[in-house]
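Everything below concerns the one structure shown next.
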Amino acid sequence: MSRTVGQMVAEATAAVPAISAKDLEQWMKENPNALLIDVRDSAQANAESIPGAINIDYGDLLFAADNEVPEEWRDPRLQDRSRLIVTHCVLGPLGAIAAKTLQDMGFTNVRYLEGGVEAWKTAGLPIEQPRNS
């Protein structure tokens, strides 16, 4: 049975906890090993980003987080399945889908940033421009 993007987002947001921008700011201070992943493509992510975020676009994330692909495709930051991880995009939907994908791959402590980068900016939190991964 086929699914729409809206259905995929609804499924993801029902399965994975969201975190608000203000809570994420505090959470990152309290969890220095936490990993914040910007799943937008690199052009979007390099335009403006949340400080401390790394960019692994959604398509690459599937392989970077898989322990059964060739080692050179993997991202060593994604080898610990219990690591605290928050995914985000510009508004939230792709971040939620990415978080659900990681959860489906066995990651046990995943969240997504509710409202994405836009919610972060609306909360008055700092943005970096431009950035490198």
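Laboratory data are not the source of any read-out in this text; all were calculated from the coordinates shown. Nothing here was measured: the structure is a model prediction, and the numbers come from that model. Because the Cβ atoms are built from the backbone with ideal geometry, glycine has one as well, and the counts that use them run over all protein chains shown.
Full-extension gain between residue 47 and residue 14, please, as 0.36 nm times their residue separation minus the C-alpha to C-alpha distance. Display every interim value, and only then the final one.
On the way: separation 33, 0.36 × 33 = 11.88 nm, distance 2.99 nm.
Fully extending the segment from residue 47 to residue 14 adds 8.9 nm.
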### Segments 76-82, 108-114, 49-55 sorted - mean Cβ within 10 Å per residue, highest first
108-114, 49-55, 76-82
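About its Cα centre, what dipole magnitude does segment 5-122 give when the only charges are +1 on Lys and Arg Cβ and -1 on Asp and Glu Cβ, stated in debye to the nearest 20? Working shown, then result.
Numbers: 10 positive and 18 negative charges, 74 e Å.
Value, rounded to 20: 360 debye.
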### Query
Based on DSSP, what percent of beta bridges with both residues in the chain are antiparallel, to the nearest 5?
10 percent
### Query
In whole percent, what relative contact order does the chain give with Cα contacts below 8 Å and a gap of six or more residues?
34 percent
